[in-house]
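What follows is a set of notes on a single structure, which appears directly below.
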Amino acid sequence: MRLHPIFFEPEVHSSIFLLTNIIGSIFIRLIIHSWPLSLFWSIFYIILILLINHALAAGRYYLPIKNLRDQTVIVTGAASGIGRVSALSFAKLGARVIIGIRGQERAEKIAKQLSKESNNGTVIGYDLDLSSLENVKKFAEKIDHVDILLNNAGTMPETYSETVDGIEQQFATNYIGHFYLTQLLLPLLTNGRVVNVSSLVHHAVPSTGIDYSFSKLKNKYDHIQAYAFSKIAQIYHASELTRRYGIKAYSLHPGTVMNTNLNIHKSVMERFILLLLSAVGKTVEQGAMTSLYCALSNDAKPGHFHSNCQVRRASKLALDARRAEECWNESEKLINEKIKS
Ligand SMILES: NC(=O)c1ccc[n+]([C@@H]2O[C@H](COP(=O)([O-])OP(=O)(O)OC[C@H]3O[C@@H](n4cnc5c(N)ncnc54)[C@H](OP(=O)(O)O)[C@@H]3O)[C@@H](O)[C@H]2O)c1
């Protein structure tokens, strides 16, 4: 019997560990009608459990030591969360980092902050709104060189909306914008790497696959399903880039990182629950490690899905080469249609 890949995730191990301890403690309390530990040892026990839990949730570490002095790295969505930490790490390693952020002024301001935090690293900020094909093109026209393209930006709104180009918001921002950006930069990327920050949520795509018309979701929006469509498409994109052009392209799940802005659209209550859940998740720094691993390590496998700084089996649907080809063709068709109109 093959275990579902989700059982290999560190967050699952830490959740099981924490739950076992909570249930075990309740069980002991019920059986012997008292708590066997003094206050001192109870506090010691809780601290120990939390420390072990934190170590389990962290998973594998990848701490790059490469010198990236002659390298140019593009990071999308570097305003916050995993993207910001990734951009900072590349700058600390000496790379020239170009960050794509919504709003030119904002991009420049964050670039300045990152440069300061990285001890005068070279960080350049350009306006990039992945939900607009025209804006993506303008961004790409400013790029003269690129060694690593980190397609990191993402969004997960809970209500249906369309972009200026008339594409469903999540599919457009998380996937189509990055697909188009990569296409435009392709001539510069022949010896480079493309890294797509996808998610384990791609497992939630039904066996019928991506609904490119979004007809069902338009009527009754399931934001997790829309997110899953965009995330499986990023896996197809990486595998097709490697298959079609021999480019080193990777997709990955960063881990469960609760305290980023991804959950900004959630209600206060939902965010409070997520905050509690952060005890079993990764820190933002740990969440950036698989992106750095795919961007820099020789052990990362082009065309494959990664998690916890190693290759991880993607869903059966995500590994279907015919569907990957279909997704590429649909994306090209969609972009061409939108550009013409
Ligand atoms: N956190 C997790 O547990 C988790 C798990 C699996 C996968 N991921 C993936 O990891 C990536 C990073 O997410 P995160 O958790 O670090 O969340 P985050 O803090 O919200 O970062 C997402 C970034 O994407 C940017 N972005 C959103 N819409 C954009 C647009 N239209 N154009 C350009 N940039 C845009 C945001 O910029 P603004 O400030 O302008 O909105 C933000 O900087 C995402 O692809 C996400 O799907 C995260």
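Some observations on this one:
- Averaging Cα coordinates gives a centre for the range 180-234 and one for the range 81-119; these two points are 25 Å apart.
- Taking label positions 7 Å along the Cα-Cβ direction at both residue 336 and residue 279, the computed distance is 5.5 nm, reported to one decimal.
- Under 15 Å from residue 218, Cα to Cα: aspartates and glutamates that are on another chain or at least 8 residues apart: 158, 162, 168
- Per residue, the chain exposes 50 Å² of accessible surface when a 1.4 Å probe is rolled over the protein heavy atoms with every protein chain present.
- Here's how it looks for residue 258: its modeled amide H is under 5 Å from those of 282, which are all 5 or more places away or on a different chain.
- Extension gain (nm, one decimal) between residue 142 and residue 69, 0.36 nm per residue minus Cα-Cα: 24.2 nm
- Under Karplus coefficients 6.51, -1.76 and 1.60, residue-wise ³J(HN,Hα) of the range 239-256 in Hz, glycine/proline x: 5, 5, 4, 6, 5, 7, 10, x, 6, 6, 10, 9, 10, 7, 10, x, x, 8
- The range 72-340: C-alpha gyration tensor shape, a/c 1.5 cut-off, then a/b vs b/c: rounded
- Given a 1.4 Å probe and the protein chains as shown, residue 141 ends up with an accessible area of around 130 Å².
- Scattering curve values for the range 249-340, log₁₀ I(q)/I(0), Debye with Cα scatterers, q = 0.10, 0.12, 0.15, 0.23 Å⁻¹: -0.42, -0.58, -0.81, -1.03
- Taking the DSSP bridge list for the range 182-341 and keeping only pairs wholly inside it, about 20 percent are antiparallel.
- Summarising the strand pairing of the chain, around 10 percent of its internal DSSP beta bridges are antiparallel.
- Extreme residue, positive dipole direction of the chain, given options 290, 194, 143 (C-beta unit charges): 290
- Global form of the range 35-147, assessed from the alpha-carbon gyration tensor, a/c cut-off 1.5: prolate
- Surface composition of the chain: carbon and sulfur make up 58 percent of the accessible area, probe 1.4 Å.
- Residues of the range 291-327 with amide N under 19 Å of the 7 Å Cα→Cβ point at residue 224: 315-318
- An oblate overall shape is assigned to the range 155-309, the ratio a/c of its alpha-carbon gyration tensor axes (a ≥ b ≥ c) being 1.5 or greater and a/b not exceeding b/c.
- Applying 1/(1 + (r/R0)^6) with r as the Cβ-Cβ distance of residue 298 and residue 34 and R0 = 56 angstrom yields a FRET efficiency of 0.50.
- Trypsin sites (Lys or Arg not before Pro), loop per DSSP, at most 12 other Cβ atoms within 10 Å - longest free stretch of the chain: 221-315
- Between residue 216 and residue 113, the simple label model (points 7 Å from Cα in the Cβ direction) yields a spacing of 4.0 nm.
- Per-residue HN-Hα couplings for the range 76-93 [Karplus 6.51, -1.76, 1.60; θ = phi - 60°; Hz; x = Gly/Pro]: 8, x, 8, 6, 8, x, 4, x, 5, 5, 5, 4, 4, 5, 5, 5, 5, 7
- Under 27 Å from residue 301, Cα to Cα: lysines that are on another chain or at least 8 residues apart: 66, 92, 231, 248, 282, 316
- Across the options 256, 27, 302, the greatest Cα extent toward the positive end of the charge dipole of the chain (unit charges at beta carbon of Lys, Arg, Asp, Glu) belongs to 27.
- In this rough spin-label picture, where each label sits 7 Å from Cα along the Cβ direction, the residue 186-residue 45 distance is 6.2 nm.
The values are calculated or read from the model by the stated rules, or taken from the named source; none is laboratory data. What you are looking at is a predicted structure, and each value in this text was computed from that prediction instead of being measured. Backbone-built Cβ (ideal geometry, glycine too); neighbour counts: all protein chains shown. We work out accessible area using only protein heavy atoms, side chains counted, and drop any ligands, DNA or RNA first. Shrake-Rupley method; radii C 1.70, N 1.55, O 1.52, S 1.80 Å.
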